[in-house]
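The values are calculated or read from the model by the stated rules, or taken from the named source; none is laboratory data. In this text the structure is predicted, and so the values were computed from the model without any measurement. Glycine also receives a Cβ, built like all others from the backbone with ideal geometry; neighbour counts cover every protein chain displayed. The area values use the complete protein model at the heavy-atom level, side chains included, leaving out ligands, DNA and RNA. Shrake-Rupley method; radii C 1.70, N 1.55, O 1.52, S 1.80 Å.
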Amino acid sequence: MTTTLESVDRIQIYKTSPELYEAMMALSSASAKDIDVELGELIKIRASQINHCAFCLDMHTRDARKHGVSEQKIDVLAAWEEAESLFTERERAALALTESITELHNGHVPDEVYQRAAQVFSERELGQVIAMAVTINAWNRINVAARVQPPTR
């Protein structure tokens, strides 16, 4: 599907609603507790790919590199299921859960996806993975709606 961006001025939402930005930052910090930073970046990148959030993709691919995620993992993340040897079982479970949370077309997270994650994460970690996926989805939707653009480098 090809879409074009209309040339419509959009709200600068973080300037008009700074309390929204502060709340989102607090939620981001809370969801990141006790989660491996590399895993967290993979979750954020994958949801941002699905949601077509260029701003978040730009930010989190750069952050992932800074935190040691390999270029190869970043390059093939959109096809992680086919790259079995590159991703750990924990990463694969978190990515499957992230995709299910992001794509709620079926109205729920399938039991097998949830159980896969529950087998490799503690209850605390599982809650954090769910919270991180929900949080990046919120960021994505805000940024896509407001058409927040990545900085030009």
TODO: May I ask you to order 18-24, 92-98 by the average number of other C-beta atoms within 10 Å around their residues, highest value first?
DONE: 92-98, 18-24
- [ ] State in Å² the accessible area per residue of the chain; use a 1.4 Å probe, count heavy atoms of protein chains only, and round to the nearest integer.
- [x] 59 Å²
Open item on the list: From the phi angles alone, apply the Karplus equation (6.51, -1.76, 1.60; θ = phi - 60°) to the range 129-137 and give each ³J(HN,Hα) in whole Hz, x where the residue is Gly or Pro.
Closed with: 4, 4, 4, 5, 5, 5, 5, 5, 5
Task: Under the Karplus curve 6.51 cos²θ - 1.76 cosθ + 1.60, θ = phi - 60°, whole-Hz ³J(HN,Hα) for the range 22-31, x wherever Gly or Pro sits - done: 4, 5, 5, 5, 5, 5, 4, 4, 5, 6
Task: Size of charge dipole - the chain - debye, nearest 20, with Cβ of Lys, Arg +1 and Asp, Glu -1, no other charges - done: 560 debye
- [ ] Whenever you get a sec, compute what percent of the accessible area on the chain sits on carbon and sulfur atoms (1.4 Å probe).
- [x] 53 percent
Open item on the list: Could you give each residue of the range 142-149 its phi-based ³J(HN,Hα) in whole Hz, using Karplus coefficients 6.51, -1.76, 1.60 with θ = phi - 60°, and x for Gly or Pro?
Closed with: 5, 5, 5, 4, 8, 6, 5, 9
